[in-house]
Amino acid sequence: MGSKMRSVIAVGELLVEFVSHKKGCELRELVTYSGPYPSGAPAICIDQAARIGASTQIFGAVGADNFGQALINRLQSNGVETSGIESLEDKSTGVAFVSYFEDGSRTFIFHLNNTAADALQAESIQLPTGPLIMHFSGSSLGNLNLRTAIQRTATEVIKRGGQISCDPNVRPELMKDPDVKAVLMSLIEKSSYLFPSDSDLEFLYPDIPQDETISNLQDTGVKTIALTRGNQGSTIFTRDREPVKLGGHEVEEVDPTGAGDCYCGTFLAMIANDHPIELCAQYANAAGAIAVTKRGPMEGNSSLDTVKAFLKSNPANTSM
């Protein structure tokens, strides 16, 4: 059994993030910030997968600077294989700044273009041996280099008999580019695991009832659809059983950034280690809730023991 365990890999942007301590400042006031926090959707996901116990590796690029070293150090400390991260002397590490509003919405400023974050070259990716699940975020597709790397790696993983995992993470400003949307739609149909939100499905499949969209996706071959609803929990759709519905957990939200990536990382790690789908969903739901309780996109990532302890003391809300 052990020899068949799948490794979870991720391809995409690596960056550090600075978070405003004041809500509503919209990144235009002189306020206190925390950072640099290790970040980037694929990095948050793969870090969490490693903490839950999966064999993991990430492919991306950072600058040969202290921000890049902070990212690599964090991932290595949690067991992620980082030999697929290029450290570039002629590029700086990508940086993001974020400020929140009282309703939980956010203002972002990204410094990613022409940094190491978007300089990943598809040709440099050397896949590990053995069965693979490759995860990517739709938000990574806005950059041509990353889009090419993700497409080529997905093709190679599928050719080897591996599986694709997709968090659509739709950003309407990126979807205005027809190439980005076309690639995302194509990769979704090749995915075994899909982690959409309600808004993702509404944007990508307008005027189609959600249950019809889910049925259509299953017909294309999507094996598992985990529909995530933030603090309202999630619902898991598979072809061979009734949907698994899980309520949210009551927690004090500090920083929601990365909670969805944390959910994905937990779910994939549990799947890779052959746990039943109900348990994968239950643990992913709990890990996502834990994630929002800490400031910083990766600071709320948690171990399997932490998730188990949380579930004992924080049962899911059953009133849906």
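Below is a table of values for the structure above.
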| item | result |
| --- | --- |
| Rounded accessible area per residue of segment 126-283, 1.4 Å, Å² | 43 |
| Point-to-point label distance, R295-N114, nm (Cα→Cβ direction, 7 Å offset) | 3.2 |
| Sulfur and carbon atoms: percent of accessible area, segment 75-224 [1.4 Å] | 47 |
| Segment K308-Q232, length gained on full extension (0.36 nm per residue, minus Cα span) | 25.4 nm |
| Per-pair calculated FRET efficiency, R0 = 41 Å: H21 and S186 via Cβ, rounded to 0.05 | 0.50 |
| Cβ crowding within 10 Å averaged over residues, with 148-156, 215-223 ranked highest first | 148-156, 215-223 |
| Distance (nanometres) between label positions extended 7 Å along Cα→Cβ at T148 and R160 | 2.1 |
| Nonlocal amide H pairs with F59, under 5 Å, H built at 1.01 Å | A10, V11, G12 |
| Positive-end residue, the chain charge dipole about Cα centroid, Cβ charges, pick of Q57, N145, G288 | Q57 |
| Packing-based order for 9-16, 65-72, 136-143, using average beta carbon neighbours within 10 Å, highest first | 9-16, 136-143, 65-72 |
| Value at 222 nm in deg cm²/dmol, rounded to 500, when DSSP H runs of n ≥ 4 in the chain each add -39,500 (n - 2.57) | -11000 deg cm²/dmol |
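The values are calculated or read from the model by the stated rules, or taken from the named source; none is laboratory data. Keep in mind it's a predicted model, so treat the numbers as computed, not measured. Here the Cβ is made from the backbone with ideal geometry for all residues, glycine too, and neighbour counts use every protein chain on show. Ligands, DNA and RNA are excluded from the accessible area calculation, which covers all protein heavy atoms including side chains. Shrake-Rupley method; radii C 1.70, N 1.55, O 1.52, S 1.80 Å.
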